[in-house]
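Remarks on the structure that follows.
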Amino acid sequence: SGRKLLADPGARVIKVERPAGDCLRQSGPWLGDEPGTERSGAYQFLNTNKEPIVLDLKMEAGQQVIDDLLPHVTLVVAGFPAAVADRLRVTYERVAFRTQA
């Protein structure tokens, strides 16, 4: 993924996961053939060098964390359709306004 291409050479990448976690965590192959949320080879490969945080963007507390992070970021990559971004209030207008220094 593009985020992996940024993280591997050293960019700090913070990956926001929903409360249930990234669905890829439930996919094999598994480290040592033993399933587990931290043992998915596919998840580990695609998320190397990323810092995962769990946020519920449907809740005000999750929205506050986003507001607190945005002034400190250079690039935002959203992995959901525009309609979901609108519903979760993670729109271009909000992100562009908050990330201007």
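Throughout, read-outs are computed from the coordinates displayed, never taken from laboratory work. Small disclaimer: the values here were computed from a predicted structure and weren't measured. Cβ coordinates were reconstructed from backbone atoms using ideal geometry, including for glycine residues, and neighbour counts include every protein chain displayed.
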(request) Along Cα→Cβ, 7 Å out, is where each label goes; now give me the distance between the ones at Arg94 and Ala11 in nm to one decimal. (result) 2.2
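Dividing the alpha-carbon Rg of the chain by 2.2 N^0.38 Å yields what? Intermediate values should be presented prior to the final figure.
Values: Rg = 14.8 Å, N = 101, 2.2 N^0.38 = 12.7 Å.
The chain yields a ratio of 1.16.
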(request) Starting from the amide H of Glu17, placed 1.01 Å from N in the peptide plane, find each other amide H under 5 Å away whose residue is 5 or more places distant or on another chain. (result) Ile53, Val54, Leu55
(request) Give, as a single signed number, the net charge of other residues whose beta carbon lies under 12 Å from the beta carbon of Lys50, with Lys and Arg counted +1 and Asp and Glu -1. (result) 0
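Under 1.5 on a/c is rounded, so check that first for the range 1-58, then, if it is not, pick prolate when a/b is larger than b/c and oblate when it is not; a ≥ b ≥ c are the square roots of the alpha carbon gyration tensor eigenvalues. Mind showing how you got there, number by number?
Numbers: a/c = 2.57, a/b = 1.18, b/c = 2.18.
Oblate is the answer for the range 1-58, as a/c is 1.5 or above yet b/c matches or exceeds a/b.
Restricting to DSSP loop positions (anything but H, G, I, E, B) with no more than 14 other Cβ atoms inside 10 Å of their own Cβ, which trypsin sites (Lys or Arg not before Pro) remain in the range 1-64?
Listed in order of number, the matching sites are Arg12, Lys58.
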(request) Find the relative contact order for the chain and round it to a whole percent, using C-alpha pairs within less than 8 Å whose residues are 6+ positions apart. (result) 25
(request) Would you list which aspartates and glutamates come within 19 Å of Lys4, measuring only between C-alpha atoms, while excluding same-chain residues fewer than 8 positions from it? (result) Glu17, Asp22, Glu38, Glu51
(request) Would you calculate the separation in nanometres between label points at Gln64 and Glu34, each defined as 7 Å from the Cα along the Cα-to-beta-carbon direction? (result) 3.9
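Can you give the net charge of the other residues whose Cβ lies under 14 Å from the Cβ of Gly36, counting K and R as +1 and D and E as -1? Could the numbers behind the result be given before it?
Values: positive: Arg25, Arg39; negative: Asp22, Asp33, Glu34, Glu38.
Net charge in that neighbourhood comes out at -2.
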(message) With θ taken as phi - 60° and the coefficients 6.51, -1.76 and 1.60, list the Karplus ³J(HN,Hα) couplings across the range 77-91 in order, rounded to whole Hz; mark glycine and proline as x.
(response) 10, 9, x, 9, x, 4, 5, 6, 4, 4, 5, 8, 6, 10, 9
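Indicate the gyration tensor shape class of the range 53-101 (rounded, prolate or oblate), computed on the Cα atoms with a ≥ b ≥ c the square roots of the eigenvalues: a/c under 1.5 is rounded; otherwise a/b larger than b/c is prolate and the rest oblate.
Working: a/c = 1.71, a/b = 1.18, b/c = 1.45.
In terms of gyration-tensor shape, oblate.
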